[in-house]
Amino acid sequence: MIELKGKPVADDIKERAIKRVEELRSQGIIPKIATIRVGDDPGDIAYEHGICSRAEEMGIDIKQKVFAGNISQERLLAKIAAYNEDQDIHGVLIFRPLPKQFDDKTICKALDFRKDVDGITAGSMAGVFTGSGEGFPPCTAEACIRMLDYYGYDLTGKKVTVFGRSLVIGKPVTVMALDHATVTICHSRTTPEVLREAGKNADVLITAVGRANFLTRDLTGEDQIILDVGINDDGAGGICGDVDPQAASAAAA
């Protein structure tokens, strides 16, 4: 079994980013990202801490804005509008999901897609689906493609099956893989027979269902590359992916 580890890929991306930031700073351009967090969700706080740490390592400035969980939608929209106009801010990241009083579609629509570093706007999605290069693809979907590129796996002519059709991972990674591969996308309404056939016949499986042990041995074939980007509660205080470990061991090349 070949294990595709994420850390070497992340390290390579960081090194490239550091060089790019140094180039920009030499030209008098200071890269800056603004983060917007509403409330004190522990997951958001941990994510925010990680973003700030990585940005510091790469020389990117961070402007953090934290709102109380009970603020109005109008105040949040006003801050997004201000960041859209601020020429010193090059990217904006809004921690989601937001509290229930917000209309998520309205918030996403308010952000200028040119500053949408998390791929949440319709403009970013349009860039992915049309291949225009505008906006940014969702980070997890891009990470799947970057992983394959880093390890030298050429998707040209290959068969890829994607489990999951969310706008965060499933749909964008399907479109991105379509540049080179033949892609089948499966979801909650796919029949068990089609699900098994699509899984067994694929060269690459990408699963983003959000269901622990979803990908069992009967859904896999032989000598496959499996990218598991699901995040689930493992029932023991930890997290796990979508793949049954026995299925991965049996199917992976």
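The values are calculated or read from the model by the stated rules, or taken from the named source; none is laboratory data. Bear in mind that the values here come from a model prediction, so they are computed numbers and not experimental data. Note that we place each Cβ from the backbone using ideal geometry, even for glycine, and neighbour counts take in every protein chain shown. Heavy atoms of the whole protein, side chains included, go into the accessibility calculation; ligands, DNA and RNA do not. Shrake-Rupley method; radii C 1.70, N 1.55, O 1.52, S 1.80 Å.
Using only Cα atoms, what is the ratio of the radius of gyration of region 107-147 to 2.2 N^0.38 Å?
Here the Cα radius of gyration is 1.08 times the empirical estimate.
Could you give the distance between the Cα centres of region 210-240 and region 162-203, to the whole Å?
15
Would you work out which of Ala208, Cys144, Pro97 lies farthest towards the positive end of the dipole of the chain? Charges go on Cβ: Lys and Arg +1, Asp and Glu -1.
Checked the options; the winner is Pro97.
Could you list which residues have their amide H under 5 Å from that of Cys186, counting only those 5 or more apart in sequence or on another chain, with H placed in the peptide plane?
So Cys186 has HN proximity to Val162, Phe163, Gly164.
Grab the other residues whose beta carbon is less than 14 angstrom from that of Leu24, score K and R as +1, D and E as -1, and report the net.
+1
Taking the Cα centre of region 1-59 as origin and charging only Cβ (+1 Lys, Arg; -1 Asp, Glu), how large is the dipole, in debye to the nearest 20?
That gives a dipole near 280 debye.
Could you work out the longest stretch of the chain that avoids the trypsin sites (Lys or Arg not before Pro) located in DSSP loops with at most 15 other Cβ atoms within 10 Å?
My reading of the result: 6-99 is the longest stretch.
Test of the criteria: in region 191-253, which GluC sites (Glu not before Pro) are in a DSSP loop and have at most 12 other Cβ atoms within 10 angstrom of their Cβ?
Glu222
Would you mind telling me which residue in Leu227, Leu93, Leu77 has the biggest mean-square fluctuation in a Gaussian network model of the chain, where springs connect alpha carbons within a distance under 10 angstrom?
Among Leu227, Leu93, Leu77, the largest mean-square fluctuation in the Gaussian network model of the chain belongs to Leu77.
When only DSSP loop residues count, what GluC sites (Glu not before Pro) in region 69-157 have their Cβ near at most 14 other Cβ atoms within 10 Å?
Glu134
Determine the dipole magnitude for region 100-253: charges of +1 sit on the beta-carbon of Lys and Arg, -1 on that of Asp and Glu, nothing else is charged, the reference point is the Cα centre, and the result goes in debye to the nearest 20.
420
If the limit is 32 Å between Cα atoms, which of Lys5/Lys171; Lys5/Lys109; Lys19/Lys65; Lys109/Lys158 go over it?
Violating the 32 Å Cα-Cα cut-off are Lys5/Lys109; Lys109/Lys158.
Identify which of the listed values of P(r) over Cα pairs in 10 Å bins from 0, in percent was calculated from the structure shown: (1) 7, 26, 33, 24, 9, 1; (2) 7, 28, 31, 21, 11, 2, 0; (3) 6, 22, 30, 22, 13, 6, 2, 0, 0.
(1)
Nothing charged except the Cβ atoms of Lys and Arg (+1) and of Asp and Glu (-1): what's the magnitude of the dipole of region 170-253 about its Cα centre? Round to the nearest 20 debye.
Rounded to the nearest 20 debye, it is 240 debye.
To the nearest 10 degrees, how steep is helix 42-58 against the longest Cα principal axis of the chain, on a 0 to 90 scale?
Between helix and principal axis, roughly 80 degrees.
Tell me, what % of the accessible area of region 114-191 is carbon and sulfur with a 1.4 angstrom probe?
54
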